[in-house]
1. Out of S145, S77, S89, I need the residue that is on the phi < 0 side of the Ramachandran plot and in contact with a His (Cβ under 7 Å, 6 or more places away or on another chain). Which one?
2. For the list (1) closer than 17 Å to S145 by Cβ; (2) modelled with pLDDT of 95 or more; (3) aromatic (F, W, Y), I need the number of the one condition that W79 fails.
3. I need a count of the residues in the range 23-58 that are open to solvent by less than 80 Å² (accessible area, probe 1.4 Å) and either under 15 Å from I137 (Cβ atoms) or in contact with a Phe, Trp or Tyr (Cβ under 9 Å, 6 or more places away or on another chain) (or both).
4. Residues of the range 78-92 being of a type in the set (A, V, I, L, M) and surrounded by fewer than 14 Cβ atoms within 10 Å (Cβ to Cβ), which ones?
5. Are any residues in the range 103-116 modelled with pLDDT of 90 or more and either loosely packed, with under 14 Cβ neighbours inside 10 Å or basic (K, R) (or both), and if so, which ones?
6. Would it be correct to say that G96 is open to solvent by 20 Å² or more (accessible area, probe 1.4 Å), under 15 Å from M49 (Cα atoms) and not basic (K, R)?
7. Given the conditions (1) more than 13 Å from Y135 (Cβ to Cβ); (2) open to solvent by 90 Å² or more (accessible area, probe 1.4 Å), which single one is not true for S61?
Amino acid sequence: MKKVLHRHPQRGGSLLIELSVALGVTTFLALLMMRSSLLAISGNQWTVMQTLTDAYLSRESALANRLPFAQVEAENSPWPELADQGSASEQTVTIGRLAGGRPVTAVLKRCRTAETAQNADLTLDVWRLHSALIYEIGDKSYTKSRSTLRVQ
């Protein structure tokens, strides 16, 4: 005599549970990957802003070095004397464009201060030209500055 084994019918819904668990794991991995991508992009945006501001201030330093000394001392100099006006000149400038063509603006402040010569035997005209760039990333404000010493 042969024994007949009766198979118990599988419980319904186990496939549904397995699919739900697989979908949950896939969703979790997708969210994790999206978060890491956003973190990578935000670091890249910081780098882009640093590059833009450094490039603009390099331009300012080059302009301060090549400006004829007569224009440095003039009343209508791009770098006004701090003692005369009491404050620096201020203008809004475009320092570059982000992906998508969105302009990046900052506030540029310029002033000059008279420096004293250490040697009394020499008569030197010495000016320090200051450029400060004030920009925002998100809701925080940052300032970068450069100064150039001009002597004649």
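1. S145
2. (2)
3. So the answer is 10.
4. A83
5. Answer for the range 103-116, where residues must be modelled with pLDDT of 90 or more and either loosely packed, with under 14 Cβ neighbours inside 10 Å or basic (K, R) (or both): P103, T105, K109, R110, R112.
6. Considered against the rule, which asks whether it is open to solvent by 20 Å² or more (accessible area, probe 1.4 Å), under 15 Å from M49 (Cα atoms) and not basic (K, R), G96 comes out as no.
7. With respect to (1) more than 13 Å from Y135 (Cβ to Cβ); (2) open to solvent by 90 Å² or more (accessible area, probe 1.4 Å), S61 is out only on (2).
To keep it simple, each residue is scored yes or no on (1) closer than 18 Å to L63 by Cα; (2) under 23 Å from the mean Cα position of the chain (by Cα); (3) exposed (fewer than 12 other Cβ atoms within 10 Å of the Cβ).
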residue: Q118; (1), (2), (3): no, no, yes
residue: V126; (1), (2), (3): yes, no, no
residue: E136; (1), (2), (3): no, yes, no
residue: D139; (1), (2), (3): no, yes, yes
residue: K144; (1), (2), (3): yes, yes, no
residue: L149; (1), (2), (3): yes, no, yes
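The values are calculated or read from the model by the stated rules, or taken from the named source; none is laboratory data. Source: prediction; values computed, not measured. Quick reminder, even Gly has a Cβ in these numbers, built from the backbone with ideal geometry, and neighbours come from all protein chains shown. Please note that ligands, DNA and RNA were not included when accessible areas were found on the heavy atoms of the full protein model with its side chains. Shrake-Rupley method; radii C 1.70, N 1.55, O 1.52, S 1.80 Å.
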